[in-house]
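A.B. asks: First the structure, then my questions, so here it is.
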Amino acid sequence: MLRALAVDDERPSLEELLYLLNADPRIGNAEGAGDATEALRRINRALESGPDGPDAIDVVFLDIQMPGLDGLDLARLLTGFARPPLVVFVTAHEDFAVQAFDLKAVDYVLKPVRKERLAEAVRRAAAQRGTTPRIPVHEPDPDQIAVELGGVTRFVAVDDITHVEAQGDYARLHTDRGSHLVRIPLSTLEERWRSRGFVRIHRRHLVALRHIGELRLDAGTVSVLIGSEELQVSRRHARELRDLLMRRTTG
């Protein structure tokens, strides 16, 4: 059973988060703190208590934008502790996701918080703490990928993805209708989608061959046109890309 601390300076949001956490069967106890300073005092008490002590905390559900010390500041402080609790960010802002996962966050949940999405964050925390999940986890659909937008999980068809851009531990999926951040390294998507016609053209870019409109050569440099966007092809990937495109057009 996980022992949790929820941190949010907005009282209604904190009460809702505590309600959802206490309703999860994997949470043994959930407490609240109204700001990062109060949370830090509570975490210090937990560390003094030890991992098996009565005041121990396994995971902190942490808002980002708070007055004074914000959530990212608190998470940075925790990285200096010998046995810090796990951190799950719960925020209304998508913009801090890359920074959050650079700080080894377990998950990044967008507000308004949905019960199912929070349950997935709890499952991830439980898995890292060695707690057996009580909710079955289903295999993902290979034709779709789940993305989060405004607190809602949507499913994007892999065939609609034109190219993928590396952003730290994240990848940004580009489609004709916009882009989405997912917490999956580019190398993982490269391996997963190789058979679906995706090819690496640069250390930062993975592209779908079927969405390449033009292959351009200019003064020794190679680039591809996808929609209205031109992406550079690195020298080490240029020959493989040309061969793949040739086989695709003559096959």
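The values are calculated or read from the model by the stated rules, or taken from the named source; none is laboratory data. All of these numbers come straight from a predicted model, not from anything done at the bench. When we count neighbours, we look across all protein chains shown, and the Cβ atoms used for this are built from the backbone with ideal geometry, even at glycine. Areas reflect the complete protein model, heavy atoms only, side chains present, ligands, DNA and RNA absent. Shrake-Rupley method; radii C 1.70, N 1.55, O 1.52, S 1.80 Å.
A.B. asks: For the range 39-55, name all the residues that are touching a residue at least 24 places away in the same chain (Cβ under 8 Å), assigned to a helix (DSSP H, G or I) and not β-branched (Val, Ile, Thr).
C.D. replies: At the first step, the residues of the range 39-55 found to be touching a residue at least 24 places away in the same chain (Cβ under 8 Å) are 39-40, 42-43, 46-47, 51.
Subsequent filtering for residues that are assigned to a helix (DSSP H, G or I) retains 39-40, 42-43, 46-47.
Those that are touching a residue at least 24 places away in the same chain (Cβ under 8 Å), assigned to a helix (DSSP H, G or I) and not β-branched (Val, Ile, Thr): Ala39, Leu40, Arg42, Ala46, Leu47.
A.B. asks: On the given criteria, is Ala119 open to solvent by 40 Å² or more (accessible area, probe 1.4 Å), within 30 Å of Asn22 (Cα to Cα), modelled with pLDDT of 85 or more and of a type in the set (Gly, Ala, Ser)?
C.D. replies: Details: open to solvent by 40 Å² or more (accessible area, probe 1.4 Å): no; within 30 Å of Asn22 (Cα to Cα): yes; modelled with pLDDT of 85 or more: yes; of a type in the set (Gly, Ala, Ser): yes.
Answer is no for this residue.
A.B. asks: Out of Val90, Val60, report the one residue that is in contact (Cβ under 8 Å) with a residue 60 or more places away in the chain, in a strand (DSSP E or B) and closer than 18 Å to Asp107 by Cβ. Working first, answer last.
C.D. replies: On the way: Val60 fails: in contact (Cβ under 8 Å) with a residue 60 or more places away in the chain.
When all the criteria are applied, what remains is Val90.
A.B. asks: Now for a separate question. Tally time: how many residues in the range 11-32 are in contact with a Leu (Cβ under 8 Å, 6 or more places away or on another chain) and loosely packed, with under 15 Cβ neighbours inside 10 Å?
C.D. replies: 1
A.B. asks: With a cut-off of at least 2 residues that are buried (at least 18 other Cβ atoms within 10 Å of the Cβ) and of a type in the set (Val, Ile, Thr), name the strands (runs of 3 or more DSSP E) lying wholly within the range 194-251. Steps first, please.
C.D. replies: Details: elements: 198-202, 205-208, 214-218, 221-226, 229-233.
Because the criterion is at least 2 residues that are buried (at least 18 other Cβ atoms within 10 Å of the Cβ) and of a type in the set (Val, Ile, Thr), the strands (runs of 3 or more DSSP E) in the range 194-251 that meet it are 198-202, 221-226.
A.B. asks: Counting only residues that are surrounded by fewer than 18 Cβ atoms within 10 Å (Cβ to Cβ) and modelled with pLDDT under 90, which one in the range 84-102 is nearest to Asn29 (Cα to Cα)? Full working, then the answer.
C.D. replies: Taking the range 84-102 as the starting set, the residues that turn out to be surrounded by fewer than 18 Cβ atoms within 10 Å (Cβ to Cβ) are 84, 92-95, 98-99, 102.
Cutting the leftovers down to modelled with pLDDT under 90 gives us 84, 93-95, 98-99, 102.
Details: Pro84: 18, His93: 27, Glu94: 28, Asp95: 30, Val98: 29, Gln99: 28, Asp102: 28 Å.
Per the stated criteria, the residue is Pro84.
A.B. asks: Still on this structure, please answer the following. Considering each residue of the range 140-154, count those that are at pLDDT 70 or above and of a type in the set (Asp, Glu), and give that number.
C.D. replies: Taking the range 140-154 as the starting set, the residues that turn out to be at pLDDT 70 or above are 142-148, 153-154.
This time we only want the ones that are of a type in the set (Asp, Glu), so: 143, 148.
Number of matching residues: 2.
A.B. asks: State which residue is nearest to Asp102 (Cα to Cα) when the search covers only the range 155-189 and only residues that are outside any strand (DSSP E or B) and modelled with pLDDT of 90 or more. Explain how you work it out, then say what you get.
C.D. replies: Taking the range 155-189 first, the residues outside any strand (DSSP E or B) are 158-160, 168-169, 176-177, 183-189.
Applying the additional criterion that residues be modelled with pLDDT of 90 or more yields 158-160, 176, 189.
Values: Val158: 26, Asp159: 29, Asp160: 28, Asp176: 29, Leu189: 19 Å.
Ranking the qualifying residues of the range 155-189, first place goes to Leu189.
A.B. asks: Right, here's the next one. If Tyr108 satisfies all but one of (1) under 14 Å from the mean Cα position of the chain (by Cα); (2) at pLDDT below 90, what's the number of the condition it fails?
C.D. replies: (2)
A.B. asks: If you don't mind, there's one more thing I want to ask. Show the residue pairs meeting these rules: Cβ distance below 8 Å; 6+ apart or different chains; first residue within the range 100-111 and within 10 Å of Ala75 (Cα to Cα); second residue at pLDDT below 90 and open to solvent by 10 Å² or more (accessible area, probe 1.4 Å).
C.D. replies: Leu103/Thr79; Lys104/Thr79
A.B. asks: Pick out the one residue from Asp35, Asp63, Asp8, Asp73 that is within 21 Å of the chain's Cα centre (by Cα), open to solvent by 50 Å² or more (accessible area, probe 1.4 Å), under 24 Å from Val113 (Cα atoms) and of a type outside the set (Gly, Ala, Ser). It would help to see each step written out before you state the result.
C.D. replies: Numbers: Asp35 fails: within 21 Å of the chain's Cα centre (by Cα); Asp63 fails: open to solvent by 50 Å² or more (accessible area, probe 1.4 Å); Asp8 fails: open to solvent by 50 Å² or more (accessible area, probe 1.4 Å).
None of the other options fit; the residue is Asp73.
A.B. asks: Would you say Phe81 is aromatic (Phe, Trp, Tyr) and surrounded by fewer than 21 Cβ atoms within 10 Å (Cβ to Cβ)?
C.D. replies: Values: aromatic (Phe, Trp, Tyr): yes; surrounded by fewer than 21 Cβ atoms within 10 Å (Cβ to Cβ): yes.
Taking the combined requirement at face value, the residue satisfies it.
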